[in-house]
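Shown next, in structure tokens, is the structure this report addresses.
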Amino acid sequence: MAWVLLLLAGLFEVVWAIGLKYTDGFTRLWPSIGTLAAMVASIGLLGMAMKTLPVGTAYAVWVGVGALGTAIFGILLFNESANMGRLGSLFLIMLGIIGLKLATPD
């Protein structure tokens, strides 16, 4: 269950990271409220996952899921670069997340 919570925490991190772009510096009310809610959910779920997962693993996976998802959505939503170096680096992050999952006892 901790891994599910951690994955959800990472997905909420993606939501708030992308949401920051839409807040326009926290000058737009509804995007700001949604972004702040996603931040609270992300940190709360991370904290719950850390009750049973090692802190280093949980934090690294949380950051990795957030970075990977945010970069992918940046490419899809904001026309950010999708060159081979960037995609290869994102693939390595994904391998790191998988490796941490496989190397960590449940």
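Laboratory data are not the source of any read-out in this text; all were calculated from the coordinates shown. Note that this is a predicted model, so its numbers are computed, not measured. Here Cβ is always computed from backbone atoms with ideal geometry, including for glycine, and neighbour counts include all displayed protein chains.
Quick notes on this one:
- Rounded, prolate or oblate (a/c below 1.5 giving rounded, otherwise prolate when a/b exceeds b/c) for the stretch 17-76 by Cα gyration tensor: oblate
- Per-residue [θ]222 nm for the chain (sum of -39500 (n - 2.57) over DSSP H runs n ≥ 4, rounded to 500): -28500 deg cm²/dmol
- Spin-label model, L102/I75: points 7 Å from Cα along the beta carbon direction are separated by 2.2 nm.
- Shape box of the stretch 47-91 [Cα atoms, principal axes, largest first, Å]: 38, 19, 8
- Backbone HN-Hα couplings from phi across the stretch 21-34 [Karplus 6.51/-1.76/1.60, Hz, Gly and Pro as x]: 5, 7, 6, 6, x, 6, 9, 10, 4, 5, x, 5, 5, x
- For the peptides 59-69, 28-38, 14-24, residues were scored by their other Cβ atoms within 10 Å and the scores averaged per peptide; the highest-first order is 59-69, 14-24, 28-38.
- Across the stretch 1-58, Cα pairs under 8 Å and at least six residues apart give a relative contact order of 45 percent.
- Net charge contributed by nearby residues that have their C-beta within less than 15 Å of L45 (K/R +1, D/E -1): 0
- Alpha-carbon centroid distance for the pair the stretch 88-106 / the stretch 1-38, whole angstrom: 23 Å
- Only Cα pairs under 8 Å and 6+ residues apart enter the sum, and on that basis the relative contact order of the chain stands at 32 percent.
- G19 sits among other residues whose Cβ lies under 15 Å from its own Cβ, and their net charge, with Lys and Arg +1 and Asp and Glu -1, is 0.
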